[in-house]
Structure formats: C-alpha cells, structure tokens
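The values are calculated or read from the model by the stated rules, or taken from the named source; none is laboratory data. Remember, predicted model here, so these are calculated numbers, not experimental data. Don't worry about glycine lacking a Cβ; one is built from the backbone with ideal geometry, like all the others, and counts go over all protein chains shown.
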Amino acid sequence: MKLKDRHLLGIDPLEREEIELVLDTADSLAEISTREIKKVPTLRGRTVVNLFVEPSTRTQSSFELAEKRLSADSLNFAAARSSFAKGETLLDTARNLEAMAPDFIVVRHREAGAPHFLAQHCTASIINAGDGAHEHPTQALLDAYTIRQNKARIRGLRVAIVGDILHSRVARSNILLLTRLGAEVTVCGPPTLLPRGIAHMGCTVTHRVDEALEGVDVVMMLRIQLERMHSGFFPTLREYARLYGLDARRFGRAAGDAIIMHPGPINRGVEIMSDLADGNASVILEQVTNGVAVRMAVLYLLAGGGEREAAA
Amino acid sequence: MKLLLRNGRVIDPACGRDGRLDILIEGGKIVDVGSGLRSSDAREIDIAGKVACPGFIDMHVHLREPGQEWKETIETGTRAAAAGGFTAVACMPNTVPVNDSRSVTEFILSRARELGCVAVYPIGCVTKGQDGTELAEMGDMAEAGARGFSDDGKPVRSSVLMRKALEYSQIFDLPIIDHCEDPDLVDGGVMNEGEVCTRLGLPGWPGVAEDVMVQRDILLAEYTGGHVHIAHMSTERSAEMVRRAKGRKTRVTCEVTPHHLVLTEQAVETYDTSAKMNPPLRIEADRQALERALADGTVDAIASDHAPHHSDEKRVEFSLAPFGIVGLETAVPLCLDRLVRRGVIPLDRLVELFTVGPARILRLAKGTLAPGADADVTVLDLERRVKPDASRFASKSSNSPFLGWELQGAAVMTIVRGKVVHDALAGGPK
Amino acid sequence: MPADRVRLMDAAALNRALTRIAHEIVEKNPSAGAVRLVGIRTRGVPLAGRLASRIAAIEKTSPPTGVLDINLYRDDLSLVGPNPVLRRTDIPFDIDGECIVLVDDVLFTGRTIRAAMDALMDLGRPRMIQLAVLVDRGHRELPIRADFVGKNVPTSFDESVDVRLEEIDGEDEVVLVRGPREEDRR
C-alpha cells in the first residue's frame, strides 16, 4: 500500500485508503517523540528544502522537527531573507532549487496553485504546507489524527467549522478530508465569509452559529484576521466575537463530550474565549504534538520508490 | 493586378448571396461576382470546394505597439490576423503610451501602412490617459482614423463620464465600447466566482460584476441615445439584458469571444494560466446562453480579444499572471468546428458575425463582396484539419489554451485589397 | 511458473522446536527474570508470545515481551519499492542494562537483525542482545549469528522459506518454496 502520487499537493487527490494510510503510519511513528533519543535513521542522507515564501513559525518548525527526527537534512528558505525579496520569480527559484537536487520541497506560499507550479518544474517531491486559500493538507491530516485519537473514529461524527471559511485553506482541506472519511461537516460564518458554492464540497452551510453547533462532536474554530475587518467583511472584532465567538454558552449546545480544535494561533477573546481554549474539551495543544508525527508519516510515505509490494 | 477566384461557394450575407459563383477582382476592388466569369489576363485561383466570404474583421485585438513590442507588434499581429483569415482588425488603445490622441492614432496607422498586411482600425481611449477622469479628444482621433472609443482593459467606471461619452460620441456617430466590469465587486478576482474558484482557493470575479455594468450601460444608452457596444460579453444575464434592450430598440450591440463560446471555468482546474483572461471563463449555463444569443441575433459580432503575453509573464503563479490569450489564429477554426459543424449556428450566420456585424458597429464600408467594394476576401475550407501549433504561429506570443486541439475548418486564403496576404490553399492534410 | 512446496516442519515439529528453544533460553540465562523478549514484526511477534508462555511454564514467571517494527532502520528502503507499511514499536519496559532476546521467524542475510539491533540501541543500552530464530536458512551477508535455532535449513538463493503461524496464517507449518519469487531479503 502506498500513496499514489509522489507529491502531496492537497487532500483533494487522495482516496480514503491513502488518508487512512497516513493516519495509521503517524500512529506508528508517534512513539518516537516519546523516546529519549528522538531520532530514527530512516531518511538519512535525504535533503528536504523548506520553502516558506509565506512565513510561518509553527508549521515550519513542525516540519523541521519531523525532518530531523527522521534524520533528513533540512534546508530553510524564508521569504524575507531570500531571493524572493529581490524579485526572483518562482520559476527561477524552482530551477535554482532543482540544481541542488533536493529530495523534497515543503512549500508554503500565499498564492494558490504555487505547489502545483513547483511540481511541474521540479523533480523533487512537493509537499504543500499551505497555498493561499486553497489547501493545507498536513493540517487536515493532523486534525483528523487528533479527532481519531479522541473519538476512535471519524465516520458518522458531526463536525462544525466556524469562522472565516472564505479565506481558509484549513477549512477547505478539512471539509474534503472529513467528508471523504464519512463525517458530517457543517461550515458556519457570517455570510460575507462563506464562499459561493462551498456546499458542493460536501458540507452543510449556515450563518447561524447556534444551529451549526447543535449536538456536534467536534467544534473547529478558525482564526479571524484583522485585515478582513478593514475590507468590509464584518464591522468590528467586537461584533464578530459577540455573534460568532465560542463561549461556554454556545459550546453548551454541542454534544456533552465534544472536543474543541483550532489550527492556531488563537485570538483569545475573539473567536474563542480563554476558558474554552484552555479547558478540558480543548485538544488544541494535542494538535500541535500530532503535527510532527503526521508530517513524519507524510515524509516516510513519500520517500519510497516504485511499484514493489512491500513485505512486512 | 487582376484576380479571378473560380468555382467557390460565395456566401455574402450583406447581399443575401449564397451560391457557386466566381469573383473578379481588379485594382483592389471587387469588379464582378457571377457564374462562369472569364478574364484574359487575370491570375486564376481555383477554389472549388471552398467558401469565399467578404474579408473577416476582428474588431477586438491588442497589437501591443507602441510600448510592449516584446509581446506583439503591428507587423506580427497583422500577420497573425492574415494567417487567421482576417482582412481587418480594430486595435485597442491600452498601449504604452495609451492611444488617447491623434499622434498615437497616426503612429499606429502609419506603422500599419508601412509594415502591416491587413487593414488596421485604431480604437481610441474614452478618457485621457485611460485613467477614467476626463474625456479624451475623440474628435481629433476620429479625424485621424479612429473607429470607436474604449478604455478596454478597464471599464468606464464613472457613470457620469460614461453618460458624457455616450452623448459626446454622437457628434462623430461612433460607438463607445465598454469593458463591463465593476472593479469593486471584482476586488482582485482572478477567475469566475463559483464552485471551481472556491475549490481552488482563488479569489472570484463574479458574473454579477459584469451584469451591473451592462445594465448601467444599456440604461445610459437609452437615456442619451448614444451607441454602446458591449465588449466580450460573457454571462447569461448580460445576454438577456441585451436581448431585451434590443427589443426596445436601444442602440446597444455586443460581441462574444470564441473562447467564451467553447470553454468554461473547468479549464482553470489545474491552475493553467493559459486559461486566465478577463472576463473569465464562466459556467456551462453561461456558455450555452451565449450560443443561444449567437443563434437568435442578440450577438452582433464574434471578436477574439487577441491579447498576447510573453511566456515569461504567464509562467508564474496563477494570481500573478496577466489576463488574456491570443486568438487571431484560432478564432476561425474554433468557430467552424465548434459552432458551425456542431450545428449551433449555420455558416452564413457565422459569416455575418465576422463581416456585416463588425462593419456596421465600426461604420466601415466593408463586410460585403458587392461590386465596387474593397477586394477583401476570406476563403474557408470546411474540411481542412488543423492543430494549433505554437511554433508555427505568426504571432510573437502563443499564450493559448487551444494548442494541440484537433479542429476541422480553417481560413486557407486571405486577400486584402486584391493582394493575397495568406495562402494555405495547397497545404495541409484533408 | 508455479513454485514447488516442500513442508519442512509440521505443527508438532514447530512447537517442539519452540519448547526446546525456551529451555535453551532459560538454561543460558539462569537467573530468574533474566531475559526480556522482543519479537520482530511480523511473525517474530507471535513466536515471542509462545516462547514467553513456555518460559513462564518453566520458570513460573512470564518474561516481559515487546514488539519491534524494524522498517525505519532498514538499509534497503526505497531501493526498489515504496516504503513498507509501518506498524507500532511497543516495548513497555526498560532496556537499559537488560538482556534482550530478539525473536524472529527466519534468519537469512542478517540485515533484519542488524536493523533490529540499531533500533534497540536507539531505545536504550542493553547489557546483552541474544537472538532466537525458528529457522536459519544460511546465506549470511553480515557477521550475525543466532544463539537459539529451531531448525537449520540449507537453501539455495532462489528458494525461500515460509513460516506460517496459527495467529496470522491460520495454521502452523514451515515450508520451503522453490522457484523464482519476490521475497523480502532477510
């Protein structure tokens, strides 16, 4: 059993079996992070370039840790310090990287489609660490892993994703993954932040947050960004927090054993109140821990070669 | 120089002609159209099995000269036109500098005379500098040879300016050609707003942003009595509004591009920048509505919106790529294959859309093969199989989503003022 | 091309061999609670389980048993194929200073055992590592030897030895398969 594509550009191309393979593999790799020597030699001698054109400390460090735990060599290209600042095109950057022959390129970019672009111009395996508003596959995978750990299953679960769906790659990847694994997903936000046609991705859509949270097993809150206020998507953060923020009363509508998730970083007091972010129902920090195991799993599975059926 | 085109099927909607006829050309004019014509000293060209039409006019192209000659020049652009079967083009003013004055209009015309191989009709800016605040010198440009006014690339955003343009242009009886787009509603959109753009995570350009401007332009045309021409119409709702306005006898005309008739937003699925243009490819319902509008007479012209860009410019992230595709060399094969062969419209209607329609809109004494008319002839071969090939384009650029498509039907000979500027009669597999 | 199958051990022979190995382990490591067993996935795992219960029958205490997936330590990853399916490594006891008996079904080139030893070293510092295998088929490529062997089976390179166990395959037997076949090089 292997991943069919040598890139991970998104959740969209993955079949259910491939998603489950990643989650099962992450399971087997998780214990490495509990050892004293948190390292295995599996990707020794392989080179991974972390091309973070859009900066991100948490995702980048999570990938870096995953790479190092597998003994791979990591090379970090951050936007501000790199040739991007001097106006080098993505194409030229890709060609320069190619010339250094990395095995993997982990790319985060503010333009949707940038990983697809790299996949056309590089021979390395491309891993999408977030491209514009399109997808963030490893986030969705670690979210699913976290849900599975807490709920033992994904099929039949009811999940609500609340916030700025329009600009969220995390939302899109999660909708695709969770529905593919048989969960029922509802997305909720102010109508200005709900993209047209999102229901065609397989979820229910509502702008009424109380309705969205009714009886759900998983509440996933998304970060709201200040610049969206300036573009007229909603009048003030205060109003957003009042109408859509997760507080104890709202959370009370969810199932008794519901869990709270957030891709981070959280805006305390805006989309989520502190008592909930830090409370027993919150698995936000587990998500971060799981991120390393899931990213290790992705690297491990993409590192294989051709067609042979592996013996166990 | 005498030319005799023999044995072809002549389709001339302006004269209501469709039959097996010969065409005699002398001194750059049509001398006679009839059966069994003879001439002692004419060069005879046998076009048996082919269709001879009045020279096709592409009323919306970007020739990029002056200022952006790495994408295209008047010389290469007109050669591409000739190769595509066009005897005349109208070129948009968003050059560098923009064509908002007599001097740039004259520059374009003189380059065309010197190096161009088809007729070139400049469209002048509506506003000075194409910046949307003050009217440009329409009178001066009209005198110099401009055949209409447009800020294409951009809309005429200010309603009061559009009103004044529609009023003022009546002095010269020339159309205001509007690129209908409400920039605030578009807000950085790069493809049609809908299912596909949501899935791809790209900002959307909603159809309603075109509709509100089309409606505004129709209302202003009615109010002022001016002539508004809707450029590259792309939505079902716009087509319906134009249809109803025509029913009220409003002076509105419109054009549609071949790519909006053939492709939908699905073409963008792989972030392919060769499917990125403005207005964007829409949904299937829009595409079919445009086909119906072609058939029922709502649409007046097909125009390619030929927009060349260098491959360096298109080989970037989708959102950063410039809008536009080339179209001069693919327009006719696409229309013959996807519209005529598939029965969307009959051949004579297609000919109208490339001849009578544009000629009327631009007030040109063209679009017919009546004796005394300019000898502009487009010869079509409905059986010719073609496969657009970037390496064989006459245009400098090849940013097209149609490369490699197998199409049946092409323009195989183009004659401008009695001179053969493109001859592919003998070539190509049948 | 169909392969020839020759049964080398039936269920009775297999289990007798395990009983003998269990006695040998106890004999070699006399102090009580002396050894900890680590089964190498996949078939080393049920074998370790069976050895543990036999040792428990002899010594009245059951040796701690763990499970090791060596795929992360293989030297032939992605040489020819996709990375193998990973399963959990679960060793619920301390390794430092202990005597670990690795348990596997077939000893062949020795590379699996080399990987297993590297894995154990990353998990701690054992005092001693011993090796128990059900079948030793020869053709070592590394200087590795087993301390406890169920049966020595001389083989040629184009043959393979299949151990089938009740827990995984539904029955107990050891089979020699002749003829070319895709086989994991152990």
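Residue-by-condition table, conditions (1) more than 14 Å from every other protein chain (Cβ to nearest Cβ); (2) in a strand (DSSP E or B); (3) without any contact (Cβ under 8 Å) to a residue 40 or more places away in the chain; (4) surrounded by fewer than 20 Cβ atoms within 10 Å (Cβ to Cβ):
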site: A:ALA133; (1), (2), (3), (4): no, no, yes, no
site: A:ALA140; (1), (2), (3), (4): no, no, no, no
site: A:ILE147; (1), (2), (3), (4): yes, no, no, no
site: A:ASN150; (1), (2), (3), (4): yes, no, no, yes
site: A:ARG155; (1), (2), (3), (4): yes, no, yes, yes
site: A:ALA160; (1), (2), (3), (4): yes, yes, no, no
site: A:ILE165; (1), (2), (3), (4): no, no, no, no
site: A:VAL170; (1), (2), (3), (4): no, no, no, no
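So that you can scan it fast, the table gives a plain yes or no per residue for (1) over 20 Å from A:GLN287 (Cβ atoms); (2) away from chain C (no Cβ under 14 Å); (3) surrounded by fewer than 22 Cβ atoms within 10 Å (Cβ to Cβ):
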{"residue": "A:LEU3", "(1), (2), (3)": "yes, no, no"}
{"residue": "A:PRO13", "(1), (2), (3)": "yes, yes, yes"}
{"residue": "A:GLU20", "(1), (2), (3)": "no, no, yes"}
{"residue": "A:THR34", "(1), (2), (3)": "no, no, yes"}
{"residue": "A:PRO41", "(1), (2), (3)": "yes, no, yes"}
{"residue": "A:SER61", "(1), (2), (3)": "no, yes, yes"}
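Listed here are the residues, each with its yes/no results for (1) touching a helix residue (DSSP H, G or I) at 6+ places or on another chain (Cβ under 6 Å); (2) closer than 15 Å to B:ASP178 by Cα; (3) assigned to a loop (DSSP other than H, G, I, E, B).
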{"residue": "B:MET213", "(1), (2), (3)": "no, yes, no"}
{"residue": "B:ASP217", "(1), (2), (3)": "no, yes, no"}
{"residue": "B:GLY226", "(1), (2), (3)": "yes, yes, yes"}
{"residue": "B:ARG237", "(1), (2), (3)": "yes, no, no"}
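Inside the stretch B:103-136, residues that are of a type in the set (A, V, I, L, M, F, W, C) and touching a residue at least 40 places away in the same chain (Cβ under 8 Å) make up a count of 9. Restricting the stretch A:181-205 to residues that are among the β-branched types (Val, Ile, Thr) and crowded, with 18+ Cβ neighbours inside 10 Å leaves a set whose member that is nearest to B:ARG282 (Cα to Cα) is A:ILE198. Looking only at the stretch A:71-82, decide whether some residue is modelled with pLDDT of 95 or more, surrounded by 17 or more Cβ atoms within 10 Å (Cβ to Cβ) and not in a strand (DSSP E or B). Checked the stretch A:71-82: at least one residue is modelled with pLDDT of 95 or more, surrounded by 17 or more Cβ atoms within 10 Å (Cβ to Cβ) and not in a strand (DSSP E or B). Sub-7 Å Cβ pairs linking a first residue in the stretch C:9-32 that is within 20 Å of C:ARG137 (Cα to Cα) to a second residue that is part of a loop (DSSP other than H, G, I, E, B), at least 6 apart or interchain, are C:ALA11/C:GLU171; C:ALA11/C:ASP172; C:LEU14/C:ASP172; C:ASN15/C:ASP172, ordered by first then second residue. For the stretch B:404-430, a residue qualifies if it is in a loop (DSSP other than H, G, I, E, B), surrounded by fewer than 16 Cβ atoms within 10 Å (Cβ to Cβ) and either in contact with a Pro (Cβ under 8 Å, 6 or more places away or on another chain) or among the charged types (D, E, K, R) (or both), and the qualifying residues are B:GLY404, B:GLU406, B:LYS430. Only one entry of A:ALA281, A:ALA248 meets the criterion of being surrounded by 14 or more Cβ atoms within 10 Å (Cβ to Cβ), in contact with a helix residue (DSSP H, G or I) (Cβ under 9 Å, 6 or more places away or on another chain) and either more than 14 Å from chain C (Cβ to nearest Cβ) or at pLDDT 95 or above (or both), and that entry is A:ALA281. In the stretch A:231-242, the condition of being among the hydroxyl-bearing types (Ser, Thr, Tyr), touching a strand residue (DSSP E or B) at 6+ places or on another chain (Cβ under 8 Å), in contact (Cβ under 8 Å) with a residue 24 or more places away in the chain and more than 14 Å from chain B (Cβ to nearest Cβ) is met by no residue.
Taken together, the criteria exclude B:THR298 from residues that are at pLDDT 95 or above and over 19 Å from the mean Cα position of the chain (by Cα). Checking each residue of the stretch B:158-179 against the condition of being surrounded by fewer than 20 Cβ atoms within 10 Å (Cβ to Cβ), polar (S, T, N, Q), within 26 Å of the chain's Cα centre (by Cα) and outside any helix (DSSP H, G or I) gives at least one match.
Could you tell me whether A:ALA112 is modelled with pLDDT under 95, under 29 Å from B:GLU313 (Cα atoms) and either part of a strand (DSSP E or B) or not β-branched (Val, Ile, Thr) (or both)? So A:ALA112 does not fit the description; no. Scanning the stretch B:232-283 for residues that are of a type in the set (D, E, K, R) and within 14 Å of chain A (Cβ to nearest Cβ) gives B:GLU265, B:GLU269, B:ASP272, B:LYS276, B:ARG282. Candidates in the stretch C:97-146 are the residues that are under 21 Å from C:SER160 (Cβ atoms), more than 11 Å from the chain's Cα centre (by Cα) and outside any loop (DSSP other than H, G, I, E, B); of these, the one that is nearest to the other protein chains (Cβ to nearest Cβ) is C:ALA115.
Among the numbered criteria (1) within 30 Å of B:LYS276 (Cα to Cα); (2) assigned to a strand (DSSP E or B); (3) in contact with a Ser or Thr (Cβ under 6 Å, 6 or more places away or on another chain), which single criterion is violated by A:VAL107? Single failed check for A:VAL107: (3). The listed residues are C:VAL149, C:VAL174, and the only one of them that is under 11 Å from the mean Cα position of the chain (by Cα), at pLDDT 95 or above and over 15 Å from C:ILE40 (Cα atoms) turns out to be C:VAL149.
Would you call B:PHE107 farther than 26 Å from B:MET241 by Cβ, crowded, with 23+ Cβ neighbours inside 10 Å and not acidic (Asp, Glu)? So B:PHE107 does not fit the description; no. For the stretch A:114-130, the tally of residues that are within 7 Å of chain B (Cβ to nearest Cβ) and crowded, with 24+ Cβ neighbours inside 10 Å stands at 1. Evaluated against (1) surrounded by 14 or more Cβ atoms within 10 Å (Cβ to Cβ); (2) away from every other protein chain (no Cβ under 11 Å); (3) assigned to a loop (DSSP other than H, G, I, E, B), C:THR42 falls short on exactly one condition, (2).
A Cβ distance below 9 Å, combined with a sequence gap of six or more or placement on separate chains, defines the contacts here; from the stretch A:275-295, residues that are more than 19 Å from A:LEU29 (Cβ to Cβ) reach residues that are of a type in the set (Asp, Glu) and not in a helix (DSSP H, G or I) in the pairs A:ASP275/A:ASP247; A:LEU276/A:ASP247; A:ALA281/A:ASP257; A:ILE284/A:ASP278. Listed by position, the helices (runs of 4 or more DSSP H) inside the stretch B:301-392 whose residues that are of a type outside the set (Lys, Arg) and more than 14 Å from every other protein chain (Cβ to nearest Cβ) number at least 2 are B:331-335, B:347-354, B:356-361. For C:ARG88, are the conditions met, namely being in a loop (DSSP other than H, G, I, E, B), without any contact (Cβ under 8 Å) to a residue 24 or more places away in the chain and surrounded by fewer than 23 Cβ atoms within 10 Å (Cβ to Cβ)? Taking the combined requirement at face value, the residue satisfies it.
Could you tell me which of the residues A:ARG16, A:ARG44, A:ARG6 is closer than 20 Å to A:GLN139 by Cβ, basic (Lys, Arg) and at pLDDT 90 or above?
Being closer than 20 Å to A:GLN139 by Cβ, basic (Lys, Arg) and at pLDDT 90 or above holds for just one of A:ARG16, A:ARG44, A:ARG6, which is A:ARG16.
Residues in the stretch B:189-210 that are assigned to a helix (DSSP H, G or I) and within 10 Å of chain A (Cβ to nearest Cβ): B:GLU195, B:VAL196, B:CYS197, B:THR198, B:ARG199, B:LEU200.
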